[in-house]
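Derivation of every value follows stated rules applied to the coordinates shown; laboratory data play no part. Computed from a predicted model, the values in this text were never measured in an experiment. Every residue, glycine among them, receives a Cβ derived from its backbone with ideal geometry; neighbour counts consider all protein chains shown.
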Ligand code: FES
Ligand code: FES
């Protein structure tokens, strides 16, 4: 390993500055039309998902769920279920083998009951799980279980839950009340002095907005398979973070060594963060493990579609704001209070985007986290959804109150940590980034695409010939340069044909990251893209970052590059030294008399820089593998040829392993430079309240594009999911019974192909990301930012604010005074 | 498969053709076609996403029409000719390569259902207009939001079919 290369790699760990060592030439990175490596498998149905796994003798396990939003099991008679032919095991909450708590996944390590006997929301998996020869028999057996429930009082509304004397939502874990973060200073974020800021303001707005409960809808329902191979587990997980599963399993049953656990993480019918980060998401695996041990058979557990609805987006809640600005649009203070609900992750402040994106000097935000008797919530696509809503709502309300163009207000306040864009530009220079005005580039492109200057009008002033009201909306924020994490990658050159194989963990949810890794490796190694392949390790070895926190490219991209750089160096060294050095002798180098620096690789061919006709393919260097491995020549045993060493040209294995480690923006260690801007055109029918989305323009400064189709896919997909969440998606509970009413895809409306007129995707490349080659991640953000966009668009159409999301027709009619 | 616990279950033998292969299967009266294809025959391309006729992930072609296999009882398929995504792939239909080229998949869970629905469209209408494609595919849900890419792919596949190019 070249220590020089390694020290350059280490210099970029904890990448707090721009990428000092980009490539000079890109042949595959940033090129359109790179065939995605999972495309054929997925198009043809050959791609296998955990839900498709069938093993000999496999049992199917289903959970008992609570019919009540808050109830305790007083007694459970499972005898009839156990007696049903085909039922192989019924595991009950009072089983002596179940520990009081175990690490069942989630964002951090957890310690929660495996099979609780108290349900805190309707639909919760409690009391028992049945394993049978078929799913059908398991379902039948569940219906035969006789449970005696003691119903408890429940509360569904967060503000009611905060009142003194409100029913306790979870007296087991929170006996003192329903606010879970009382007296914890971490839930207040504060910069400057808001009262001073309000005194300086010419205009002050105060408003409240709310976000209803929406959820992820993982196309493949949560499921898993557990089998004991003798003493040790083999587990199939549908999980964005397979390494967390492995760590959790290692802590079970008194401890299992990590190297004895085999994890398979196949393709995943996405979960958008969601399920993968839920507390208790390994509960099914724990039960399956116990049953598999008892029965000696593999066990598959699964949720049905309705059960996947049990969790939701963590930013649901109620937000109160007061914000002040000068007449020219300069915002002087923002103060907010938020009530958020059932958070399965640590409380995350909601005024971060004001600090990270703007010059606003005075900011205050206080979060109260409250419990209600609905399912847990967690980051869905991204935990920054509330921040996007808050930034959007404050900017839109202020621009409206001042009678200003919202795009101008955004540009006026762009900056970071209370400083303006001039200061931010100085920081770009200091850190070695190109100095570009990212927001300006984004809005200029976006405005042109939507026709902003021609079409924007004052709110409620444009009626179309078809009788509908026309509206234009705009929102913006920074790009997702979060990218904390660690990653390991290995690359080897294969014998015989000299192709390259990247080895890393698979956690595929469809963002086409594996193709992008191949593009990076190909360019770094000087290879053709078709000669590089990502061979996913289904086990969570070669620990790589997963799609979470937009770290695929920003962390793993570095790890791939680091390994490729070490490998290239190794290849060039191997090409200049004697080969097959053993006690029998050795063979001459592939490039005699040359030094590694004299050589380079292009199109998978090694050549001498000063004399490009002196060339050898990587295959010629890696060498043929004979009957006894690469060490033997195809022409027979060397000593029988009479010329013992001529054929004996074994080249050392060409294999490099490297890694990346970085803290990311979340630790407040980096400024964010890249921005995104989104535009929407709507038509609102005043009679029905229907909002038709005619056009969306989504502009993302991703720093640098590695895979065009991958980035555009995230823009399209983010726009669809975002508009669903902002316009039609809401999980509804019956206030009288606490029962979820629309946990299915007929009544919970996700967008279809016809729900958005057209989408323009625009990618900007300022190179101001901290990732390799100046990139930032894009996977989480469009779906997180665009739900907010519908608010200003509808306001621009009808001239009234609809501040309760999703903006369903009934809410539009209410704002118009018609309902 | 969603068994109705109230209805007495009977069993029968059915014969049908799937992708040109003849099968003789014993099925219970409450088994869906999706269950039989996916779990009994191992044709895992027909995915269960919503399990109630709302998403198209389980689509197969029966007698030229796209059919939701989660809403179809297997026992009613006696004597039928069924085509699944595996058969479409085996026949090297140009849709497959067009789908790969236009990156129509993200997680891929819905993709086979789209290909099956699009194949049924092209069988009936070899030169669909954009609006006709949208109309044909509107019943297929994709949570990853790949919709715009499908239109490009179906148009291209139709074009290639005309030119007689297999792929
Ligand atoms: S699974 Fe059949 S339509 Fe959704
Ligand atoms: S690609 Fe994931 S649901 Fe369509």
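General observations
- Residue mean of other protein chain beta carbons inside 10 Å, B:145-156: 5
- Which of A:228, A:236 has the fewest Cβ neighbours within 10 Å, and the rest in rising order: A:228, A:236
- Interatomic Cα distance distribution for the range A:689-795, bins of 5 angstrom, percent: 2, 11, 19, 19, 15, 12, 9, 6, 4, 2, 1, 0
- Axis angle, to the nearest 10 degrees, between helix B:147-162 and the longest C-alpha principal axis of chain B: 80 degrees.
- Extension gain for the segment residue B:24 to residue B:78, taken as residue separation times 0.36 nm less the Cα-Cα distance, is 18.5 nm to one decimal.
- Relative contact order (%) - chain A, alpha-carbon pairs under 8 angstrom, separation at least six: 16 percent
- Gyration tensor over the Cα atoms of the range A:18-152: the corresponding equivalent ellipsoid has semi-axes (square roots of 5 times the eigenvalues, largest first) of 45, 23, 13 Å.
- Straightening the chain between residue A:143 and residue A:17 buys 39.4 nm, computed as 0.36 nm per residue apart minus the Cα-Cα spacing.
- Of the Cα atoms belonging to chain B, the radius of gyration and Dmax stand at 16.1, 54 Å.
- Mean projection area, nm², convex hull over Cα of the range A:441-493: 8.3 nm²
- Note on residue A:196/residue A:109: beta-carbon distance plugged into 1/(1 + (r/R0)^6) with R0 of 51 Å gives a FRET efficiency of 0.75.
- Cut-off 17 Å (backbone N to label point 7 Å along Cα→Cβ of residue A:655), residues of the range A:485-529: A:488-505
- Note on A:213-222: average number of Cβ atoms from other chains within 10 Å of each residue's Cβ is 4.
- Note on residue A:208 and residue A:258: the model spin-label points, each 7 Å out from Cα along the C-beta direction, lie 4.9 nm apart.
- Using the Cα coordinates of the protein assembly as shown, the gyration tensor eigenvalues translate into equivalent-ellipsoid semi-axes of 44, 39, 30 Å, sorted from longest to shortest.
- The three principal axes of the C-alpha atoms in the range A:287-347 carry coordinate ranges of 73, 22, 18 Å, sorted with the longest axis first.
- Put in line by how crowded their Cβ is, counting other Cβ atoms within 10 Å and starting with the fewest, A:748, A:21 read A:21, A:748.
- Sorted ascending by nearby beta carbons within 10 Å, beginning with the fewest, A:73, A:316 become A:73, A:316.
- Inter-label distance, nm, simple model (7 Å from Cα along the C-beta direction), residue A:624/residue A:172: 6.8 nm
- Degrees, to the nearest 10: B:111-124 long Cα axis against longest axis of chain B: 70 degrees
- Under the shape rule built on the C-alpha gyration tensor, where the axes satisfy a ≥ b ≥ c, the range A:666-747 is prolate, since a/c reaches at least 1.5 and a/b is greater than b/c.
- Virtual spin-label span in nm between residue A:83 and residue B:63, 7 Å along Cα→Cβ: 4.6 nm
- If you wrap the range A:729-778 in the convex hull of its Cα atoms and look at it from every side, the mean projected area works out to 6.8 nm².
- Short-range pairs are left out: with C-alpha atoms under 8 Å and at least six residues apart, the relative contact order of the range A:719-819 is 34 percent.
- Full extension of the chain between residue A:578 and residue A:8 gives 202.4 nm of extra length, using 0.36 nm per residue less the Cα-Cα distance.
- The three principal axes of the C-alpha atoms in the range B:11-86 carry coordinate ranges of 29, 24, 20 Å, sorted with the longest axis first.
- Alpha-carbon spread of the range B:91-162, three principal axes, descending order, Å: 30, 23, 18
- Shape metrics for the range A:316-406, restricted to C-alpha atoms - Rg then Dmax, Å: 14.2, 46
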